[in-house]
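Before any comments, here is the structure.
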Amino acid sequence: MIQQNIKITISFYGEVFDINYFSQKVGIDPTNCWLKGDVIQKITKKAKAINTLAIYRKETCWEYSISHYESIFVEDALDKILNLFKDKISNILFFLQEEKINAKIDIVLMGHPDNFPAIYFPINFLKFVTLLNADIDIDTYIVICPHNSSKSSDLDG
């Protein structure tokens, strides 16, 4: 059976701010970051030729992710984020106000329809989100496995 996977990303983004200074103040290195104006390479295949199109980042972003966390409970992965950031909240809030940046929490759930991760937000997570004035974005992906052709199905006679 397909495992349930949860990815939680906390992002701090805005026009332009010093990512290294933010990392220093928070005491955590990002898992990903970029600056406004950084080039994103987009590769498209048309007529057996590869065209490279330059696309630029519209904002500066610092993010920290917990990827491929296997659980059927979102709150387990959220606890990891909360435990990592809870003692840094005053520094984060100061930076959010000084630099006029925003916060967002992305939650990506992937699993089989028969055993999909449960979505539950404990009060301590909701308080954390409220303090940061953060947005929450939830994406869900249901993975359906094709039937194994070597086994007979219930419909076979």
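Observations, loosely collected:
- Within segment 11-23, residues that are closer than 22 Å to residue 128 by Cα and modelled with pLDDT of 95 or more have Cβ atoms under 7 Å from residues that are assigned to a helix (DSSP H, G or I) and among the charged types (D, E, K, R) in these pairs: 14/99, counting only partners at least 6 apart in sequence or on another chain.
- Residue check for residue 116: among the aromatic types (Phe, Trp, Tyr) and over 25 Å from residue 25 (Cβ atoms): yes
The values are calculated or read from the model by the stated rules, or taken from the named source; none is laboratory data. A quick note: this is a predicted structure, and the numbers were derived from the prediction, not measured. In this analysis, Cβ positions are derived from the backbone assuming ideal geometry, glycine residues included, and neighbour counts consider all displayed protein chains.
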